[in-house]
1. Quick check on my filter: what residues within the range 4-21 are under 23 Å from Arg61 (Cα atoms) and in contact (Cβ under 8 Å) with a residue 40 or more places away in the chain?
2. Take the residues in the range 56-70 that are exposed (fewer than 11 other Cβ atoms within 10 Å of the Cβ) and not in a strand (DSSP E or B), then tell me which one is modelled with the lowest pLDDT.
Amino acid sequence: MGFNAAMSKAFRLAETVNVRLEGSFTNLPNLTNLGDPNLNIADSNFGRITGSRGVDFGGGRTGQISLRLQF
């Protein structure tokens, strides 16, 4: 379980034109998220956690920055 944050700021360029800068980040402290335990009862590592989660499922720190033009 990580700490996530997002920020955004809107700027008006003209009466009907706005620009929005957005940024979102996941797992800011870059903590390790452990994977699921091995559930194969025939394996010698049964019940042990032998790895961490991948990037798509709570892995390391990630970030995204976007610029949006609204008119």
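1. Once the filter is applied, which keeps residues that are under 23 Å from Arg61 (Cα atoms) and in contact (Cβ under 8 Å) with a residue 40 or more places away in the chain, the range 4-21 yields only Leu21.
2. Here the answer is Phe57.
The values are calculated or read from the model by the stated rules, or taken from the named source; none is laboratory data. Being a predicted model, the structure only gives us computed values, none of them experimental. So basically every Cβ, Gly included, is an ideal-geometry build from the backbone, and we count neighbours across all protein chains shown.
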